[in-house]
1. Does Asp128 satisfy the condition of being over 30 Å from Ala2 (Cβ atoms), in contact (Cβ under 8 Å) with a residue 24 or more places away in the chain and of a type outside the set (A, V, I, L, M)?
2. State all residues of the stretch 160-192 that are open to solvent by less than 60 Å² (accessible area, probe 1.4 Å), of a type outside the set (A, V, I, L, M) and over 14 Å from the mean Cα position of the chain (by Cα); if no residue qualifies, say none.
3. Can you spot a residue in the stretch 41-51 that is modelled with pLDDT of 95 or more and more than 15 Å from the chain's Cα centre (by Cα)?
4. Keeping to the stretch 121-138, report how many residues are in a loop (DSSP other than H, G, I, E, B), at pLDDT 95 or above and more than 15 Å from Val74 (Cα to Cα).
Amino acid sequence: MAETKAIMLVGVGGQGTLLASRILGNVAIKQGYDVKVSEVHGMSQRAGDVQSNLRLSSEPVYSDLIPRGGADLVVSLEPLEALRYIPFLAPEGWIITNTVPFENIPDYPPMDKVMGELDKLPRVIAIDVDAIAKEVGSPRSANMVLLGATAAVLHILDPDKLRDGIRTIFGRKGEAIVEANIKAFDAGLASAQKK
């Protein structure tokens, strides 16, 4: 039987959504999965909608797009974006989201309403990835915190391999940057495992 996962990573421009997707995709390929990725860059602007469809399988994947009701995971760096992609979530799927809004629209709804809608779902990990990134001394690594939280439920990718993927992506920036991002990943994984 094929091991298959459909993952939507969403956020707004500048949050590192596509970088997290790239790490997941690279690690999946190294673990022998067939991987297809489709990205929408929000008109390539900061604070625009960004999403990545990532499909991986132990058998050939023929389409990169995830249909409505087909996402095993919706991973969001922004809570309103998580809410927007609920229609894509599979019945047994998970939402993993940041709880901190990126208020890039004038009529951003109140956070209690956004979180209230997310709280109605049976499988949600909602954590303040921004605060966790700051706690570990790497405020710019919120996306790695969220990647760590994702590893808590994405059991087909080995967390050690994801750490190796972080080393590969950030390696040219020096050991201090690599270690800061791995520390953020580990903090996100630990936080999600407590949920």
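The values are calculated or read from the model by the stated rules, or taken from the named source; none is laboratory data. Note that the coordinates shown come from a computational prediction; the quantities given were computed from them, not determined experimentally. Methodologically, a virtual Cβ is constructed for each residue, glycine included, from the backbone with ideal geometry; neighbour enumeration extends over all protein chains shown. Surface areas here come from the heavy atoms of the whole protein model, side chains and all, with no ligands, DNA or RNA. Shrake-Rupley method; radii C 1.70, N 1.55, O 1.52, S 1.80 Å.
1. The answer is yes for Asp128.
2. If the condition is that a residue be open to solvent by less than 60 Å² (accessible area, probe 1.4 Å), of a type outside the set (A, V, I, L, M) and over 14 Å from the mean Cα position of the chain (by Cα), then Arg163, Gly165, Phe170, Gly171, Gly174, Asn181, Asp186, Ser191 are the ones that fit.
3. No; the residues of the stretch 41-51 include none that is modelled with pLDDT of 95 or more and more than 15 Å from the chain's Cα centre (by Cα).
4. 2
For (1) among the basic types (Lys, Arg); (2) farther than 24 Å from Ala180 by Cα; (3) open to solvent by less than 50 Å² (accessible area, probe 1.4 Å); (4) free of Cβ contacts under 8 Å to residues at least 24 places away in the same chain, each residue gets a yes or a no:
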| residue | (1), (2), (3), (4) |
| --- | --- |
| Leu54 | no, yes, yes, no |
| Ser58 | no, yes, no, no |
| Pro91 | no, yes, no, yes |
| Val100 | no, no, yes, no |
| Tyr108 | no, yes, yes, no |
| Pro139 | no, no, no, yes |
| Ala149 | no, no, yes, no |
